[in-house]
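The values are calculated or read from the model by the stated rules, or taken from the named source; none is laboratory data. A quick note: this is a predicted structure, and the numbers were derived from the prediction, not measured. For accessibility, only protein heavy atoms count, side chains too; no ligands or nucleic acids. Shrake-Rupley method; radii C 1.70, N 1.55, O 1.52, S 1.80 Å.
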Amino acid sequence: MILRFYTAAIFTFFLFGLVSCASGVRSRELLYRNNDFATYIVKRENVSRKADTRLPKAFAHPVEISQQKILDILGNLRYKQGSSYGNLNLYVFEEEEIKDFAEDLADAMQKIKPNEMLLVISKYNPLKSVVSHYVRTGFYLMSTENTIELVFGEIQKEIEFDEQSNYYDWSRIPEISFENTTESSFIIQNANFTFKEVDGFRNRRWLVFNKSDLNRVKFEKRKVKAKEVSNTVDSDLNPEKRKDKDDGDGILQD
């Protein structure tokens, strides 16, 4: 009986370690968090051997960057997502969301060491409604001598109501892959970045910004703010009230 217990325990430990290594990153260390935002240090030594081969050969950390430049880099990003409305183009982050975490992200980027990268998780409720969900976005951030690179996992993933108030629930995200994935959502190309090539194919969740071009990367002001399209909540509850959004909305038709 005791032997069977120890055998089962060893097998469970081995299986957990195998899954952990296969997923890419074995551990993360909390750097900073508040009610809606968290940053973690991921040491290169805790990245699996296969994932490490995908990463740049050397990081150039820490990084000094302004809050405005963070808005410039993140504020124009859009992604494509399939839904009951069809294929939609949406912003990855709301402007107010970025402004809320930009200072903390800038501080975190100055605290990471050359053998570390950042894991960033943001949750946000763009409609500020009691019937609307928070959504969550997670990404790795790293810098080299010539580039700033972002690798996205979940993008605007809806959080269950019973999880969105508890940090230990909303901060538990699926592993972010450094491989090409079959996810239905992906970042839409713009002129400010290129996609990282992985095994000869563009990884449309891995963005590479050239540092020499960052001065020309500017945030493009949006025509309509998320709080001004709060009627989408009412539309969800009353399908006959659904309206098409123009190109300036937070939700963009293909």
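Pairs to check: LYS50/LYS80; LYS80/LYS223; LYS57/LYS223; LYS43/LYS221; LYS99/LYS211. Give those whose C-alpha atoms are more than 30 Å from each other in this structure.
Working: LYS50/LYS80 28 Å; LYS80/LYS223 19 Å; LYS57/LYS223 41 Å; LYS43/LYS221 36 Å; LYS99/LYS211 21 Å.
Listed pairs above 30 Å: LYS57/LYS223; LYS43/LYS221.
Full extension from LYS223 to GLU163: what is 0.36 nm times the residue separation minus their Cα-Cα distance, to one decimal in nm? Before the final figure, lay out each step's value.
Numbers: separation 60, 0.36 × 60 = 21.60 nm, distance 3.21 nm.
Using 0.36 nm per residue and subtracting the Cα-Cα distance, I get 18.4 nm.
Once you have the alpha carbon radius of gyration of segment 41-140, what is it after dividing by 2.2 N^0.38 Å, with N set to its residue count? If you can, show how the numbers build up before the last one.
On the way: Rg = 16.1 Å, N = 100, 2.2 N^0.38 = 12.7 Å.
Cα Rg divided by the expected 2.2 N^0.38 Å: 1.27.
Please work out how much length the chain gains when fully extended from GLU183 to PHE195, using 0.36 nm per residue of separation minus the C-alpha to C-alpha distance, in nm with one decimal. Before the final figure, lay out each step's value.
Details: separation 12, 0.36 × 12 = 4.32 nm, distance 1.58 nm.
This chain segment gains 2.7 nm when fully extended.
Starting at 0 and stepping by 10 Å, how many percent of the alpha carbon pairs of segment 91-146 end up in each bin?
The calculated distribution, bin by bin, is 19, 46, 25, 8, 1.
Once the whole set of protein chains is in place, how much accessible area is left on ARG202, using a 1.4 Å probe, in Å² to the nearest 10?
Rounded to the nearest 10, the figure is 130 Å².
Using 0.36 nm per residue, how much length does the chain from LYS113 to LEU30 gain when fully extended, once their Cα-Cα distance is taken away? Please list the in-between numbers first.
Working: separation 83, 0.36 × 83 = 29.88 nm, distance 1.43 nm.
Extending this stretch completely gives an extra 28.4 nm.
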